[in-house]
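One structure follows; several queries about it will come next.
The values are calculated or read from the model by the stated rules, or taken from the named source; none is laboratory data. Source: prediction; values computed, not measured. Quick reminder, even Gly has a Cβ in these numbers, built from the backbone with ideal geometry, and neighbours come from all protein chains shown. Each accessible area value is taken on the protein alone, full model and side chains, heavy atoms only, with ligands, DNA and RNA left out. Shrake-Rupley method; radii C 1.70, N 1.55, O 1.52, S 1.80 Å.
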Amino acid sequence: MNLARPFGLIVRREIVERARSRAFIWSSVFTILIVLAVILVPGLLGGRPEQVRIGTVGEGNDPIVAAATRIAEEDPEAEIEVSAVRFADEEEARRALEEGDVDLVLVDGVRLLVPAEGFMGGGSGERLVTAAATAVEIDRLAAAGEVDTVRLLVEGPLRREVVGEGEQGDPGRFVVAYGGLVLMYVAVLTYGMWTLSGVTEEKASRVVEILLVAVPPRLLLAGKVVGIGSLGLAQFTVTIGAALVALQATSSFELPAVSVGQAVILVLWFLLGYALYAVMFGTAGALVSRPEDAQTAAFPFTVVAVLGFFVSFQVLDDPTGPVAVAGTLIPLSAPFVVPIRHAMEAIPLWQSVAAVVSTVAVILGLVRLGGRVYAGGLLRYRGRVGWREAFRSAEF
Amino acid sequence: MLELHDLRKTYGTVVALDGCSFRVEPGRITGFLGPNGAGKTTTMRAIFGLVSLDEGTVLWQGRPVDLATRLRFGYMPEERGLYPRMKIADQLVYLGRIHGMDGAEARSEAARWLNELGLGDRASDPVESLSQGNQQRVQLAAALIHRPDLAVLDEPFSGLDPIGVDRLSATLAAEAERGAAVLFSSHQLDLVEDLCDDVVIIHRGRVVAEGPVDHIRGSSPHRVLEIDADGFDPAAMERRDGVVKVERRAGVWRVWVRSDLDMGSLVAAAGEASQVRHLSYGPPHLSDVFRELVA
């Protein structure tokens, strides 16, 4: 028998009915508003002034610090506050720079020590001090009557030296990885919960008994997961699109370049992660008779998702370490871990392939297993059905 | 024709079906009776494959029932329910299409049903906004929208007012007229007696009586003489040979006798009373037979 037709009907109903519901419309509007507020409001209110802490060693630095302070004050829109700390020797200053106590160090008014580029980058402090040193140098040369602008522009007023090894990868990748992780977590839990409530609604309203006459339970579960997933993906895309437009408009943040390949991998893992958790949540929903018990039934899976989320922070710090590899190969954590490692370009091909294969295999297994538990739980309307009991009593 | 052969099902130590067998014929309404816990709902679920049987077969037109066959069945489960927030018409269309109707056909049938049920102007309202009785009518439409060959309705009359009972009776009669086999369970035995062509009585998972209503009534080992008259002496009547018991119900004396007892002498004895306002003799009502069988 052709099951594509009823499957399509189930998917369509999930999309249409949910998209029409007030809860969906308002949650979409609120999510977009919150995302826009997070991006736009700090810009509108004016952010906290940026602190530029300059360490100084030796003589000849004071005119540069004074010039930097003046430049910062003359341009109130830049909102930069300059402070200076004097160090007894260069060794001490380098240590302070590496530990992040100062943002840069001026040595004898001719050398500039900057930290290796990290997540936040060298940024405005270095530009400010360079500009200040240039101004000071021009003044000095003008006073001596020997301005050589070309030499100044080519060589710069200060000899620059990078201190420390810096962090792995570039900041753009880190932002993509971090943002992707948070979005994945939110998406998996939000849309997984939709599946949970959808299944519970069908069971609590008893409509499921009519449906099961015409549709096998596995198809019903799969249709629900696909329908809600499609709508979730659409909502997710619109929200991210709104966020990107707002970020571009405010220029508050330099968007990292994301390759098409990375975007495809992110979407693929969104789908895999959602499908994995939605099947689990949907199965849990079949075990309870009342919507208010649904969260309790789904609790173990929520815990697993939260654990996967926290494991992923470890992966952000060390994307090639043993935790990262284990997290990649365990399907329950893979949806959180693998996109991070891809974004940070820290995953070998074999691990990437193994993660997709094992996660797809587990999803297919869960649809079978979950479908059976789902079937066993759906027509038991009194109280909560145990997992084992539901599995054993599966009627289909 | 629907045939159930030797259905057996146990839940742990509880025997739900213990060799249940009967038939439901097209174009006829079959009442499915039994005390609570007799196995009616389990049997009905088994027809739709919602229960995995320990033993036994369910056949439609001589072949085992599969998913494709079930699409031609209509079901109104005991546990009623539709999507509470879905629009009424959309819901009927959806269920019609799930059962294999195309979109246009499902929409026109949904509109016809809603008009017939007097809910034409509520088509765009959510189901949860309807009264309980109206929700039940939509539920009936959901079971019948795809013009099923077999309609199985679990307690369709429960909770209906007398007007609702009449309307549902007419609907079921029309379905049978159309050629559908109709099976429904009920505890309203007088209604079943009036409406049904056939009856199946199930007790402790086994069928204890099956056949046309008249046949089942006639198969009782007793007959009942009903009399309403002045001077009727129940004690004297009860002493007569062949009289099983005499009881008074709804202002009428009911004399239970063995079915082989000569009716003439009995009527003569009853006729000795004066001012006879009511006198009848015949097989017991279906409700009486039911009590005899499952007591």
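For chain B, set up a Gaussian network in which alpha carbons nearer than 10 Å are linked by springs, and say which option among B:A181, B:A235, B:A46 fluctuates the most.
With Cα springs under 10 Å in chain B, the top fluctuation among B:A181, B:A235, B:A46 is at B:A235.
Hey, got the average number of other protein chain Cβ atoms within 10 angstrom for residues in B:76-82?
6
What order do you get for B:117-124, B:183-190 when each peptide is scored by the mean count of other beta carbon atoms within 10 Å, highest first?
B:183-190, B:117-124
Okay, moving on. Using a 1.4 angstrom probe on the protein heavy atoms only, line up B:Y11, B:Y83 by accessible area, largest first.
Greatest to least solvent exposure: B:Y11, B:Y83.
A follow-up question, please. Could the peptides B:136-144, A:25-33 be put in order, highest first, of the mean number of other beta-carbon atoms found within 10 Å of their residues?
B:136-144, A:25-33
Report the Cα centroid-to-centroid distance between the stretch B:184-240 and the stretch A:278-311 in angstrom, as an integer.
Going from one Cα centre to the other spans 54 Å.
With Cβ to Cβ distances under 15 Å as the rule, what net charge do the other residues near B:V15 carry (K, R +1; D, E -1)?
+1
With a cut-off of at most 13 other beta carbons within 10 Å, and DSSP calling the residue loop, which chymotrypsin sites (Phe, Trp or Tyr not before Pro) in the stretch A:195-300 qualify? Please list them.
A:F253
Hey, another quick one. Can you tell me the relative contact order of chain B? Whole percent, Cα pairs under 8 Å, sequence separation 6 or more.
22
Placing one identical point scatterer on every Cα of chain B and ignoring solvent, what is log10 I(q)/I(0) from the Debye formula at q = 0.09, 0.10, 0.12, 0.15 Å⁻¹?
Here the Debye-derived log intensity ratios amount to -0.54, -0.64, -0.84, -1.10.
How long, wide and thick is the protein assembly as shown, going by the Cα atoms along their three principal axes, in whole angstroms, largest first?
Sorted from largest, the Cα extents of the protein assembly as shown read 150, 48, 46 Å.
Quick check: residue separation of B:V294 and B:D230 times 0.36 nm, minus the Cα distance between them. What number comes out in nm?
19.6 nm
Now a separate question. Just B:E175, B:E238, B:E109 to compare: in a GNM of chain B, with alpha carbon springs under 10 Å, which one fluctuates most?
B:E238
What is the distance, in nm, between label points placed 7 Å from the Cα along the Cα-to-Cβ direction at A:R20 and at B:R240?
So the two model labels end up 6.8 nm from each other.
Suppose we compare each residue of the stretch A:191-214 in its chain alone and in the full protein complex with a 1.4 Å probe; which ones drop by at least 40 Å² of accessible area?
Buried by 40 Å² or more upon assembly, which counts only protein chains, are A:E201, A:S205, A:R206, A:V207, A:E209, A:I210, A:L211, A:V213, A:A214.
Under 21 Å Cα-Cα from B:K9, which lysines qualify once same-chain neighbours fewer than 8 residues away are excluded?
B:K40
Further, regarding this structure: What order, most packed first, do the peptides A:191-203, B:54-66 have when packing is the mean number of other Cβ atoms within 10 Å of each residue?
The packing order, highest mean first, is A:191-203, B:54-66.
Could you size up the charge dipole of the protein assembly as shown around its Cα centre, putting +1 on the beta carbon of Lys and Arg and -1 on that of Asp and Glu, and report it in debye to the nearest 20?
Its charge dipole is roughly 2980 debye.
Before I look further, what does the protein assembly as shown give for accessible area per residue, probe 1.4 Å, in whole square angstrom?
Heavy-atom accessible area per residue stands at 47 Å².
Among A:S259, B:V276, A:P157, which residue has its Cα furthest toward the positive end of the charge dipole of the protein assembly as shown, with +1 on Lys/Arg Cβ and -1 on Asp/Glu Cβ?
B:V276
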